[in-house]
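The block underneath contains the structure these notes are about, expressed in structure tokens.
A short reminder: the numbers here are calculations on the coordinates, not readings from a lab. Quick caveat: nothing in here was measured; it's all calculated off a predicted structure. Quick reminder, even Gly has a Cβ in these numbers, built from the backbone with ideal geometry, and neighbours come from all protein chains shown.
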Amino acid sequence: MSAEEPESPEPAQPQHGALPLPPGLDLLWGRRERGKRGPRPGMTADGIVSAAIRVADTEGIEAVSMARVAKELGFTTMSLYRHVASKEELLQLMWDASATGAEGLVLEGDGWRARLRFWAVVQRDLLDVHPWITQMPMAAPPLAPNSMHFLERGLEALDDTGMREKDKLSVLGMISFYTLSDARVADDAARAAKKAMESGQPPDATMMMVSYEALLRELIDEQAFPRLYRLAWSADADQPDDPRAEFLFGLDLILDGVQVLIDKTRLAAEPGNL
């Protein structure tokens, strides 16, 4: 470089704290101090979140309100606002707390497929423990710390695949969407069955207690719907449903597609194919 040539500027470094975070996220990421202790000992943000999760686990997400959580804790509703600004913020904190332990998650299995399958099963099992997550609004991808740790573990499973970073994220998003959808269907069915029972309707009178194939045999005409008819009267039509097996079947189909993408990526990177 000659004396007259200007020096190249240093690459810009990312600056943390430049963007304001939405309420809840700012608290989770340490951009806002947690509230001071309440008027009585024992009132903390973590305690409020734990109580809200207990309510959601037993009564559903629709039962969660600042008043209901305050009653669970034995405090006044207004005292909760010293620690949590709103119900929306409380939901953010609940979501993050539901994934506690993600930072230390160790994916089991040899190779990307086994580890990513394990990752998806952990996610599905969590939704069985906290089915209310499936009923939460999801206008944006989760950005809370525990969610980020879980996402990091998923990316780790794909380390040696050669896939583009953006493709890795898309794969994890697809698996998460599938997992969430499967859990949502299961939770909707459970909620419908519970509602029918509470209304005094006998379980065997509800649609969800009758197999899909049995209903097809009742409704489908062979000439109008030959393929559905064949399905309804197939040899395995009356085998009891196994939700876990159905979930893993769909998951393995997705992973088969991921393998195809990995193979295409590696083929494109070979000399002569660039």
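Computed quantities for the displayed model
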quantity	calculated
Local electrostatic count at Glu270 - Lys and Arg +1, Asp and Glu -1, tallied over other residues with Cβ under 14 Å	+1
Net +/- balance of residues flanking Asn146 in space, Cβ distance below 9 Å, scoring K and R +1, D and E -1	-2
Segment 25-98: relative contact order in percent, alpha carbon pairs under 8 Å with at least 6 residues between	35 percent
Proximal aspartates and glutamates to Lys264, defined as alpha-carbon separation beneath 19 angstrom and excluding residues fewer than eight positions away on the same chain	Asp159, Asp160, Glu165, Asp167, Asp252, Asp256
Neighbour-count ranking [beta-carbon atoms within 10 angstrom, fewest first] of Ser79, Ser181, Ser98	Ser181, Ser79, Ser98
Cα gyration tensor shape of segment 25-98, rounded if a/c is under 1.5, else prolate or oblate by comparing a/b with b/c	oblate
His130, His83, His149 arranged by Cβ crowding within 10 Å, fewest neighbours leading	His149, His130, His83
Length released on extending from Gln259 to Ala114, taking residue separation times 0.36 nm less the Cα-Cα span	51.0 nm
Burial ordering of Leu91, Leu215, fewest other beta-carbon atoms within 10 Å first	Leu215, Leu91
Stretchable slack from Ser65 to Asp241, in nm (0.36 nm times residue separation minus alpha-carbon distance)	59.7 nm
Positive minus negative residues near Lys71 (Lys, Arg vs Asp, Glu; Cβ under 14 Å)	0
Gap separating the Cα centres of segment 160-180 and segment 73-145, nearest whole Å	19 Å
